[in-house]
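Novice: One structure, as structure tokens, below. Some questions next.
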Amino acid sequence: MKLLVISNGHGEDVIAVRIVEKLKVNLPNLEIAALPIVGEGNAYIKNNIALVGQVKQMPSGGFIYMDSKQFWRDLQGGLLKLTLAQLKIIRQWSKSGGFILAVGDIVPLLFAWLSNTNYAFVGTAKSEYYLRDEQGWLNRTSWLERWFGSVYLPWERWLMSRDRALAVFPRDDLTAEILKQWSIPVYNFGNPMMDGIGEVTEIKKLTSLAEKQTLSILLLPGSRMPEALNNWQQIIDATSEVIKTFSLQSILFIAAIAPGLEILPFQEYLLCQGWNTTSLAINSLPINDPQAVIFSKKNASLILTQNAYSESLQLADLAIAMAGTATEQFVGLGKPVITMPGTGPQFTAAFAEAQTRLLGISVILVEKSNQIAQKMLCVLNNAKLLESIAINGQQRMGKPGAAERIAECLQQVLLK
């Protein structure tokens with residue numbers, strides 16, 4: 001048996017790897033290869049999954065749909081030639097038999113259909129929460145979106161309803177229920193994005209901040225340069241007001257920086273903003289990262305880490321975030337996020353607004369960095385809101401274990 005995984009983005013690659021690793025446990029003889037449409041497929045390489053075809057990092061980093069300029073830059077960078085080469089590889093691969101697992105959005109789904117072989121689809125990019133919640137359509141949803149009837153457009157639903165489409169895995173309960181209206185083989189197994197983060201824990205009682213010794217705040221600037229550094233500057237600007245507002249508490253900022261980024265520019269900006277490096281013993285840190293760098297400023301400490309992502313998410317009470325996947329994972333742990341728009345190409349005002357629709361009350365959007373501290377104070381002093389956020393997070397993102405559940409279903413499909 002042969003399986004080809006097609007995905008279009010680093011986050012999608014990671015999700016695909018999680019599913020494949022679970023699948024290999026029960027099907028050790030399954031021949032697996034991957035075709036990352038966007039980027040160089042580092043997640044596959046790291047997990048010893050063979051790549052087929054040509055891979056290349058485009059200038060946009062995969063966000064061509066957010067800005068027409070990014071699209072033209074990618075075309076100049078060889079996008080059309082790369083796409084045609086990848087399609088040729090898929091058609092050649094399918095001639096020898098096998099199955100395709102598409103992970104992401106309509107692009108890998110379309111590639112899977114064009115392969116002329118059987119396929120399954122893990123839809124990571126779209127959710128009905130962008131248009132509606134359990135009570136009905138959102139006010140911001142247009143008449144055209146309502147007329148289409150789903151966040152998945154008719155041509156996407158057509159691709160999911162073909163005879164060769166043997167399984168479709170939406171990212172949440174609401175999306176699964178809506179897709180069941182059409183002849184689509186929907187399986188509602190949850191969102192693999194929450195795997196590896198840890199179980200949802202009861203949110204800490206923050207109604208009496210005066211009694212809390214240390215307030216832990218996660219900082220998420222994103223994973224692509226130079227945008228991540230621009231976001232970082234906005235986030236660090238916000239911390240100054242947070243330190244003043246919460247002057248009666250000790251504050252622990254935990255900055256989770258993507259492992260692939262150069263850390264020095266992040267450190268340099270902290271020093272420019274009045275933060276000082278400290279010589280705290282590594283074994284006294286609340287996270288396990290010997291390479292972490294610690295800074296201090298007034299009543300606050302800041303840990304800069306690239307090796308303790310899951311621990312950082314679990315430890316923090318609240319996040320200041322300008323990120324995609326990381327924000328969703330933190331929300332899935334039942335915790336609040338405060339965000340603000342950046343300059344792009346990913347985290348624009350439009351992206352931030354869409355994220356508030358996707359994640360509901362768990363994400364609070366402000367316009368400027370100097371508004372974050374007061375908004376944070378309001379959120380942390382509202383016990384009813386915190387309880388609702390905890391429930392909302394699990395509802396929108398699901399429970400861990402989805403990758404294993406999807407793998408078990410794929411195993412049955414492959415063995416038919």
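Novice: Being within 20 Å of the chain's Cα centre (by Cα) and among the polar types (S, T, N, Q) is the filter; apply it to segment 6-35 and report the residue that is least open to solvent (accessible area, probe 1.4 Å).
Specialist: S7
Novice: Could I ask something else about it? Take the residues of segment 231-269 that are aliphatic (A, V, I, L, M) and under 15 Å from S296 (Cβ atoms): which is most open to solvent (accessible area, probe 1.4 Å)?
Specialist: Here the residue is L252.
Novice: Given the options R396, R357, R405, name the one that is basic (K, R) and surrounded by 22 or more Cβ atoms within 10 Å (Cβ to Cβ).
Specialist: Within the list R396, R357, R405, the selection yields R396.
Novice: Separate question: For A326, work out the one condition from (1) assigned to a helix (DSSP H, G or I); (2) within 19 Å of D133 (Cα to Cα) it doesn't fulfil.
Specialist: Going through the list (1) assigned to a helix (DSSP H, G or I); (2) within 19 Å of D133 (Cα to Cα), A326 breaks only (2).
Novice: To continue, here is another question. I'm trying to understand the selection: among the residues of segment 365-397, which are outside any helix (DSSP H, G or I) and farther than 14 Å from V242 by Cβ?
Specialist: Those that are outside any helix (DSSP H, G or I) and farther than 14 Å from V242 by Cβ: L365, E367, N381, N382.
Novice: Same structure again: Return yes when G334 is open to solvent by 10 Å² or more (accessible area, probe 1.4 Å) and modelled with pLDDT of 90 or more and no when it is not.
Specialist: Against the criterion (open to solvent by 10 Å² or more (accessible area, probe 1.4 Å) and modelled with pLDDT of 90 or more), G334 does not qualify.
Novice: Something else now. In segment 302-326, which residue that is aliphatic (A, V, I, L, M) and open to solvent by 10 Å² or more (accessible area, probe 1.4 Å) is farthest from D195 (Cα to Cα)?
Specialist: L315
The values are calculated or read from the model by the stated rules, or taken from the named source; none is laboratory data. Note that the coordinates shown come from a computational prediction; the quantities given were computed from them, not determined experimentally. Quick reminder, even Gly has a Cβ in these numbers, built from the backbone with ideal geometry, and neighbours come from all protein chains shown. These accessible areas exclude ligands, DNA and RNA; they are computed on the full protein's heavy atoms, side chains included. Shrake-Rupley method; radii C 1.70, N 1.55, O 1.52, S 1.80 Å.
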